[in-house]
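We did not get these values from a lab; they are worked out from the coordinates using the rules stated. Every value quoted in this text rests on a predicted model; they were computed, and no experiment measured them. Please note: Cβ atoms are built from the backbone with ideal geometry, for glycine as well, and neighbour counts cover all protein chains shown.
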Amino acid sequence: MQLNDLIAYAAITFLLVGVLCVAFLATLNGLFRRIVYWAIVSGFKKGYRGKPSKQPRKVTAAELIERGDAYVKKGRLLTELEQMLFKVLQYKYGETHHVFCQVRVVDVIQPNTSLYKERSREWMALFRQVSQWHFDFVICEKDTMEVVRVIELDDNSHNMSRRNKRHDGLLNAICKTVHVEMERISVDRLRFVFAKEW
């Protein structure tokens, strides 16, 4: 064999090995991409130190809604006692004011943005404190829709539960701070007024 033949043979061998290496790496790359895709699609999660998470996959509201029948209509907006109070309030305020029921506290009162930047940690803490609370009734001026007062119907749960007492105390303090007049009406007082007037 001549030197030229050896060089040609070595070049062809080197080329074939290079092509095989490239094909092997391309196959590995494709396989790796499929594994990563499968991990993302199937919700595979890694826990601490790369161990698979034992937590069940998080269910989203959108998935439940797609299944159908996720929600049902509630029977009535107000309880019988709240409806009694609504009638009393309509009678008392109806000519000059609007009476609204089940109004979110954050639609009447909000965190002070002059002290706490909106969406800051402090602002969010204050917002979350009242975001799930509602006023039973809100009385507004007919012309300006300015809030005149808020009314809470206190049933027996307000007297018994520590959580409700804390909630009531915080809500009273917040309303006092922002100068929103709050009136609390006990169920006994409501029944007395309703029986007397109607």
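Counting only DSSP beta bridges with both residues in the range 80-197, the antiparallel share comes to about 65 percent. Between GLU152 and GLU183, ARG184, ILE185, the built amide H atoms are under 5 Å apart, and every one of these is 5 or more places off in sequence or on another chain. Based on alpha carbons, the Rg and Dmax found for the chain are 34.0, 124 Å. Here the relative contact order of the chain, from alpha carbon pairs under 8 Å that lie six or more residues apart, stands at 14 percent.
Of the residues ARG166, ARG149, the one with the fewest other Cβ atoms within 10 Å heads the list, and the complete ranking is ARG166, ARG149. From the Kirkwood radius over Cα pairs of the range 80-197, Stokes-Einstein at 25 °C and 0.890 mPa s returns a whole-number translational diffusion coefficient of 159 µm²/s.
Its Cα centre serving as origin, the chain has a Cβ charge dipole (Lys and Arg +1, Asp and Glu -1) of approximately 1100 debye. Exposure proxy for TRP38, TRP123: other Cβ atoms within 10 Å of each Cβ, ordered fewest to most, give TRP38, TRP123. Label-to-label distance, LYS73 versus SER161, with points set 7 angstrom from Cα along the beta-carbon direction: 2.8 nm. Counting beta carbons within 10 Å around each of GLU95, GLU152, GLU63 and listing the fewest first gives the order GLU95, GLU63, GLU152.
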